[in-house]
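Comments concern the structure below.
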Amino acid sequence: MELLQLKYFQTAAYTEHISKAARQLNIAQPSLSLTIKRLENELGTSLFIRKGRNIQLSASGQILLRHVDRIFMELENAQKEIQSEEQLISSTIRISISNPRFLSKLITEYINQFPAANVHQGIKMKSDIISCLKKGEIDLGIAGHPTEDEEIESCLLVDEDIVLVLPINHRLSGKTELSLTEVAQEPFISLADNEEYSAFIKNLCEQAGFVPNSIFEVDSYLLSEIIKMNQGVTLLPVSVCRQLQLDYIQIADLSPTYSVSLFWVKNKLLSTSAGSFRDFIIRYYRDNQDMFKLH
């Protein structure tokens with residue numbers, strides 16, 4: 001069993017497609033298929049289940065992938081320790097988040113304190129963030145609820161209060177709190193760039209006994225503009241309303257909150273800069289809880 005075989009297997013496992021994996025590895029598809037076949041013969045078991053053009057890990061493949069991820073993680077740890085001894089650890093911090101607001105204001109404070117910081121930030125869905133962490137492509141991730149993945153460490157940063165935003169001069173404006181059922185027939189404005197949050201809002205409405213009638217799906221940059229055009233109601237984190245200077249009303253019956261969590265690979269040795277940024281994020285959210293709460 002060779003490291004190259006394991007790298008080929010890992011890439012195929014995460015792409016779930018031989019052709020895509022071959023393109024990523026910059027090798028011919030037959031060569032990749034032959035390498036995986038030799039690995040299967042060596043182990044005496046099938047690692048993938050073929051489903052048309054796609055592939056899916058078998059039970060044996062899932063076991064192997066967990067160990068392969070750990071092997072490459074340990075190799076990366078060894079490399080970082082060597083670089084640390086020679087003072088060559090990169091100052092680059094790689095982080096992906098599921099919504100830009102998770103680093104809003106925080107990043108300004110961090111750079112003011114550490115002007116030499118080199119932060120590479122991406123936007124991904126939570127499932128992609130977890131996958132990228134395991135593959136070593138990023139150091140940190142921020143998304144919704146904590147994960148129960150045994151390979152990932154989760155830290156709950158905040159349970160943020162969710163509030164109701166109404167159009168100006170709406171018939172229900174002026175109240176201090178409202179039940180969600182009172183806006184069940186209203187047109188809804190929803191976010192188009194965050195599947196995790198959209199699913200959370202849909203589930204919240206279903207708990208109140210209705211399916212929201214979404215007439216607008218806009219990204220976070222257009223959200224304030226559409227709301228101020230009085231096109232519908234929306235459910236937003238209270239910190240977003242404060243940042244965009246939107247009037248909001250407390251939700252009476254459910255008192256909903258949306259979890260924001262920080263993720264990194266369990267037992268992985270982070271660079272000094274990434275570890276510092278992780279600790280800064282945790283401390284920032286701890287010290288600014290009032291920003292995310294109604295009271």
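What the table below lists for this structure:
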{"read-out": "Residues whose placed amide H lies under 5 Å from that of Leu57, excluding near-sequence neighbours", "value": "Ile49"}
{"read-out": "Structure-based [θ]222 nm, the chain - -39500 (n - 2.57) summed over DSSP H runs of at least 4, per residue, nearest 500", "value": "-13500 deg cm²/dmol"}
{"read-out": "Candidate lysines for bridging to Lys268, where Cα separation is under 27 Å - those fewer than 8 sequence places away on the same chain excluded", "value": "Lys7, Lys80, Lys124, Lys126, Lys134, Lys135"}
{"read-out": "Share antiparallel - DSSP beta bridges, the range 18-164, percent rounded to 5", "value": "30 percent"}
{"read-out": "Hits among lysines - C-alpha to C-alpha of Lys228 under 19 Å, sequence gap 8 or more where chains match", "value": "Lys175"}
{"read-out": "Residue of Ser261, Ser33, Ser96 that the Gaussian network model of the chain assigns the largest fluctuation, springs spanning Cα pairs under 10 Å", "value": "Ser33"}
{"read-out": "Mean projected area in nm² (Cα convex hull; one quarter of hull surface) for the range 167-263", "value": "6.3 nm²"}
{"read-out": "Where N is the number of residues in the chain, Cα Rg divided by 2.2 N^0.38 Å", "value": "1.20"}
{"read-out": "Rounded to whole Hz, the Karplus (6.51, -1.76, 1.60) HN-Hα couplings of the range 38-48, x for glycine and proline", "value": "5, 5, 5, 5, 5, 8, x, 7, 7, 9, 10"}
{"read-out": "The chain: most fluctuating residue of Glu182, Glu74, Glu160 per GNM, C-alpha cutoff 10 Å", "value": "Glu182"}
{"read-out": "Spatial extent of the range 3-69: Rg and Dmax, with the Cα atoms as the point set, Å", "value": "10.6, 28"}
{"read-out": "Cβ-based charge dipole, the chain, positive-most Cα from Ile152, His170, Ser58", "value": "Ser58"}
{"read-out": "Rounded if a/c under 1.5, otherwise prolate or oblate - the range 46-183, Cα gyration tensor axes", "value": "oblate"}
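Laboratory data are not the source of any read-out in this text; all were calculated from the coordinates shown. It should be emphasised that the depicted structure is a prediction, and the values quoted were computed from it without experimental measurement. No Cβ is skipped: glycine too gets one built from the backbone with ideal geometry, and neighbour counts run over all protein chains shown.
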